[in-house]
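Undergrad: Okay, handing you the structure first.
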Amino acid sequence: MRTLRRTWRLPSARIALAVLALVALLAVAGGALAPHDPLAQRPVDMLHGPSAAHPLGTDYLGRDVLSRLLAGTGSSIVGALEAVGAAMLLGVVPGIASVWLGRTVEWTAQRAADTLMIMPFTVFAIAVVGALGNGMHQAMLALGVLFAPLYFRVTRAAALGLKQAQYVEAAELMGASRWWILRTHVWGKILPTVAVTTAQAVGQALLVVASLTFLGLGVQPPAPTWGGMLASDLGYLAQQPWAPLIPGAAIMITVGALNILADAVRDSGTAAGDPRATGPQVPAAGSAAGSAVGIVAPDAAAPDPVAVSDQVTEQAEELDESVAARPGRAPRTTNGRSEEVEQRVTTG
């Protein structure tokens with residue numbers, strides 16, 4: 001929640017969210033907001049420029065470009081979200097499992113991820129569509145499989161860092177189950193990383209969806225899509241050289257807003273003062289921990305004692321919660337902490 005609040009304070013994040021909210025509205029109600037039937041053909045109005053009746057002009061069949069753009073938003077966005085949802089399911093769960101379920105699961109998951117990473121998106125999607133049939137769900141399933149290694153790697157990296165955290169090790173020593181550790185200590189701290197990856201992946205998936213529909217895969221004409229509109233406009237550049245800019249601008253603005261939002265979430269998650277959002281930290285030079293591991297930096301500034309104290313207190317509270325949540329918890333000292341936690345904090 002603190003990461004979300006810091007993200008909302010950034011002006012760039014607010015602009016990106018406003019753009020994405022508009023795109024989401026058009027994806028849900030674009031067909032109802034269209035001034036004309038996006039499939040209605042009027043040969044007498046072929047390749048007309050912008051006018052009062054057709055603000056963005058008409059295409060080579062006399063169809064209203066604005067109506068097709070609004071109606072095509074839903075299929076383009078839903079396709080990208082479907083691909084990313086499949087990638088999350090296929091990547092996040094194996095990424096976490098590879099850290100806690102032993103070497104066999106780890107080796108198998110890593111080899112599967114390495115195999116999928118070398119496959120080209122478009123060629124694999126064409127092969128799947130050719131085998132399962134030309135449909136949006138088949139194409140998005142193929143994209144989800146190829147996006148899964150991205151989630152697998154970032155989730156595994158975050159989980160590896162959290163597994164070495166002191167409060168996770170203390171919970172394991174106290175007999176907490178793996179499921180309890182994942183639910184209490186791990187999942188909430190992996191979510192910011194997953195959010196950043198999702199924002200970036202949706203933008204990439206939208207570009208791939210546009211590429212597939214440009215080739216006529218996934219959604220077949222005359223159903224409107226941004227990629228399909230771009231493909232049809234390229235055949236009439238002599239008559240309307242500006243026509244491909246309309247669907248191209250829609251794709252560019254949406255992907256740009258997603259990338260800006262991803263950068264804002266990442267910057268907020270790594271902001272100073274939130275040690276849990278940054279993951280495992282290297283001991284600061286000049287501190288006792290830094291001296292113990294041989295980190296020498298004479299010109300480095302000393303760490304803020306208040307920030308260090310807050311971090312130690314926060315870790316102590318999490319350790320104490322782990323002790324308190326177990327039956328037969330250890331006795332507490334006068335300051336309200338358990339004896340194990342008190343010894344941990346005292347010894348550094």
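The values are calculated or read from the model by the stated rules, or taken from the named source; none is laboratory data. Nothing here was measured: the structure is a model prediction, and the numbers come from that model. Backbone-built Cβ (ideal geometry, glycine too); neighbour counts: all protein chains shown. Ligands, DNA and RNA are stripped out before the accessible areas are found, and what is left, the full protein with its side chains, is counted by its heavy atoms. Shrake-Rupley method; radii C 1.70, N 1.55, O 1.52, S 1.80 Å.
Undergrad: If you scan region 236-253, which residues turn out to be more than 32 Å from the chain's Cα centre (by Cα) and touching a residue at least 40 places away in the same chain (Cβ under 8 Å)?
TA: 236, 239, 240
Undergrad: Something else: Answer yes or no: is there a residue in region 234-252 that is over 25 Å from residue 34 (Cα atoms), surrounded by 22 or more Cβ atoms within 10 Å (Cβ to Cβ) and either among the basic types (Lys, Arg) or at pLDDT 85 or above (or both).
TA: no
Undergrad: Turning to a different aspect of this structure: What is the residue count in region 1-37 for residues that are in a loop (DSSP other than H, G, I, E, B) and free of Cβ contacts under 8 Å to residues at least 40 places away in the same chain?
TA: Qualifying residue count, region 1-37: 5.
Undergrad: Going residue by residue through region 46-60, is there one that turns out to be of a type in the set (Phe, Trp, Tyr) and more than 37 Å from the chain's Cα centre (by Cα)?
TA: Yes, that holds for at least one residue.
Undergrad: Next question, about the same structure. Being surrounded by 15 or more Cβ atoms within 10 Å (Cβ to Cβ) and in contact with a Ser or Thr (Cβ under 9 Å, 6 or more places away or on another chain) narrows it down to one of 141, 150, 162, so name that one.
TA: 150
Undergrad: Could you give every pair whose Cβ atoms fall below 8 Å, whose first residue belongs to region 165-184 and is more than 20 Å from residue 92 (Cβ to Cβ) and part of a loop (DSSP other than H, G, I, E, B), and whose second residue is open to solvent by 60 Å² or more (accessible area, probe 1.4 Å) and of a type in the set (Lys, Arg), counting only separations of at least 6 or pairs across chains?
TA: Short answer, once both residue conditions are applied: 174/326; 175/326; 176/326.
Undergrad: So, one more: Could you list, in sequence order, all residues of region 222-233 that are free of Cβ contacts under 8 Å to residues at least 60 places away in the same chain and either more than 27 Å from the chain's Cα centre (by Cα) or exposed (fewer than 15 other Cβ atoms within 10 Å of the Cβ) (or both)?
TA: Matches in region 222-233: 231 only.
Undergrad: Another question, if that's okay. Tell me which residues, restricted to region 215-237, are farther than 19 Å from residue 141 by Cβ and part of a helix (DSSP H, G or I).
TA: 226, 228, 229, 230, 231, 232, 233, 234, 235, 236
Undergrad: Against the condition loosely packed, with under 14 Cβ neighbours inside 10 Å, touching a residue at least 12 places away in the same chain (Cβ under 8 Å) and in contact with a Lys or Arg (Cβ under 9 Å, 6 or more places away or on another chain), how does residue 40 come out, does it pass?
TA: It is true that residue 40 is loosely packed, with under 14 Cβ neighbours inside 10 Å, touching a residue at least 12 places away in the same chain (Cβ under 8 Å) and in contact with a Lys or Arg (Cβ under 9 Å, 6 or more places away or on another chain).
Undergrad: Next question, about the same structure. Pairs, please: C-beta under 6 Å, at least 6 apart or cross-chain, first residue under 26 Å from residue 57 (Cα atoms) and in region 67-83, second polar (S, T, N, Q) and open to solvent by 30 Å² or more (accessible area, probe 1.4 Å)?
TA: Listed by first residue and then by second, the contacts come to nothing, as the list is empty.
Undergrad: Here is a list: 194, 219. Which entry is open to solvent by 20 Å² or more (accessible area, probe 1.4 Å) and in contact with a Ser or Thr (Cβ under 9 Å, 6 or more places away or on another chain)?
TA: Of the residues listed, the single one that is open to solvent by 20 Å² or more (accessible area, probe 1.4 Å) and in contact with a Ser or Thr (Cβ under 9 Å, 6 or more places away or on another chain) is 219.
Undergrad: Turning to a different aspect of this structure: Mind counting the residues in region 82-105 that are under 12 Å from residue 155 (Cα atoms), more than 16 Å from the chain's Cα centre (by Cα) and open to solvent by 40 Å² or more (accessible area, probe 1.4 Å)?
TA: Count: 1.
Undergrad: Go through region 117-126 and report how many residues are open to solvent by 40 Å² or more (accessible area, probe 1.4 Å) and touching a residue at least 12 places away in the same chain (Cβ under 8 Å).
TA: 6
Undergrad: Taking the stated definitions as given, is residue 179 open to solvent by 40 Å² or more (accessible area, probe 1.4 Å), more than 22 Å from residue 85 (Cβ to Cβ) and of a type in the set (Phe, Trp, Tyr)?
TA: Considered against the rule, which asks whether it is open to solvent by 40 Å² or more (accessible area, probe 1.4 Å), more than 22 Å from residue 85 (Cβ to Cβ) and of a type in the set (Phe, Trp, Tyr), residue 179 comes out as yes.
Undergrad: With the structure loaded, tell me whether residue 135 is open to solvent by 30 Å² or more (accessible area, probe 1.4 Å), among the small types (Gly, Ala, Ser) and modelled with pLDDT under 80 or whether it fails that test.
TA: Criteria not met by residue 135.
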